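So the structure is just underneath, and the comments pick up after that.
The values are calculated or read from the model by the stated rules, or taken from the named source; none is laboratory data. Remember, predicted model here, so these are calculated numbers, not experimental data. Every residue, glycine as well, gets a Cβ built from its backbone with ideal geometry; the counts of neighbours run over all protein chains shown. We work out accessible area using only protein heavy atoms, side chains counted, and drop any ligands, DNA or RNA first. Shrake-Rupley method; radii C 1.70, N 1.55, O 1.52, S 1.80 Å.
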Amino acid sequence: MTTEQTLIIGANSNIGKAIATQIQTSESTGLLLISRGLVDNESVTSETLADNVTKIMLKDYQPQSIDQAIRLLAQHDHAPITRVFVCNGILHNDTIQPEKRLEDFDAQAFMEVITSNTLTPMLWIQKLTPLLTGKSPCKFVLFSARVGSISDNRLGGWYSYRASKAALNMMVKTAAIELARRAKNIKLIAFHPGTTDTPLSKPFQKNVPANKLFSSEFVATQLLDIVEKAPLDQTASYLDWQGEVINW
């Protein structure tokens, strides 16, 4: 019987899979895995993959689907959730590319990017907080990016992605101020994984030095170590893959 659980949202992502694999091979912690992928008329399903692994599949990350996932989590008689990783987000897809100049900015693309990178993670913070509040410490990680730092912006471009991550950072920082009063056991961390060899970064890897292109396994190792060492200090942290502080 596990005494604590780890929740991974976006568990089908490369880094999400790497986190889950490392936890399964080195810890006895229970795993709750949430990802999209359902079709037809189903909106949410739950499946027990092993004694300590439960997978919840959602049709999408719309508010109603997130609410259904939360209700499903609340019904589980499980050990406290002591770590949460929100791994999903968007940089590009078939119709969206990071903007190189003002003329490239598109309102519809911006709405899609900010919904994925800011609104959805914020909903997970909002909806999960009642389940996480209590005596057990909980480290809550949201995937941000260094380009979301306003003070570190020296190159310009990438308007939608930068804005979405900067907005996420503000959500994290603001939520941490509130949680310091009402949920002192929760620690929020905005995490920059570096350039990781995943589909998200694939079109932008050609100018990345070989020693700065990380595997998902490396990022997962770094992140689990950072989370282990992070203090419950009732403040938000904005950290890179080395555990170094990034200026907001």
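Values computed for the structure shown
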{"read-out": "SER116 vs. criteria over 24 Å from GLN222 (Cα atoms) and surrounded by fewer than 22 Cβ atoms within 10 Å (Cβ to Cβ)", "value": "yes"}
{"read-out": "Qualifying residues in segment 175-196 (those that are under 16 Å from TRP241 (Cα atoms) and at pLDDT 95 or above) - the one surrounded by the fewest Cβ atoms within 10 Å (Cβ to Cβ)", "value": "HIS192"}
{"read-out": "Residues of segment 1-38 satisfying the condition of being of a type in the set (Lys, Arg) and within 24 Å of ALA74 (Cβ to Cβ)", "value": "ARG36"}
{"read-out": "Hits in segment 43-69 (condition: open to solvent by 20 Å² or more (accessible area, probe 1.4 Å) and in a helix (DSSP H, G or I))", "value": "PRO63, GLN64, ASP67, GLN68"}
{"read-out": "Residue among GLU103, GLU112 that is outside any loop (DSSP other than H, G, I, E, B) and more than 17 Å from GLY156 (Cα to Cα)", "value": "GLU112"}
{"read-out": "Neighbours by Cβ (under 9 Å, 6+ apart or cross-chain): first from segment 106-117, within 22 Å of ILE66 (Cβ to Cβ); second among the β-branched types (Val, Ile, Thr) and part of a helix (DSSP H, G or I)", "value": "none"}
{"read-out": "Tabulated pairs, segment 11-32, first of a type in the set (S, T, N, Q), second open to solvent by 10 Å² or more (accessible area, probe 1.4 Å) and part of a strand (DSSP E or B), C-beta under 6 angstrom, 6+ apart or interchain", "value": "none"}
{"read-out": "Positions within segment 1-10 being within 10 Å of the chain's Cα centre (by Cα) and either farther than 17 Å from VAL227 by Cα or open to solvent by 30 Å² or more (accessible area, probe 1.4 Å) (or both), in sequence order", "value": "GLY10"}
{"read-out": "Single condition ALA230 does not satisfy, out of (1) in contact with a Lys or Arg (Cβ under 8 Å, 6 or more places away or on another chain); (2) surrounded by 19 or more Cβ atoms within 10 Å (Cβ to Cβ); (3) modelled with pLDDT of 95 or more", "value": "(2)"}
{"read-out": "Search result, residues across segment 143-160 that are of a type in the set (Phe, Trp, Tyr) and either more than 23 Å from VAL219 (Cα to Cα) or open to solvent by 60 Å² or more (accessible area, probe 1.4 Å) (or both)", "value": "TRP158, TYR159"}
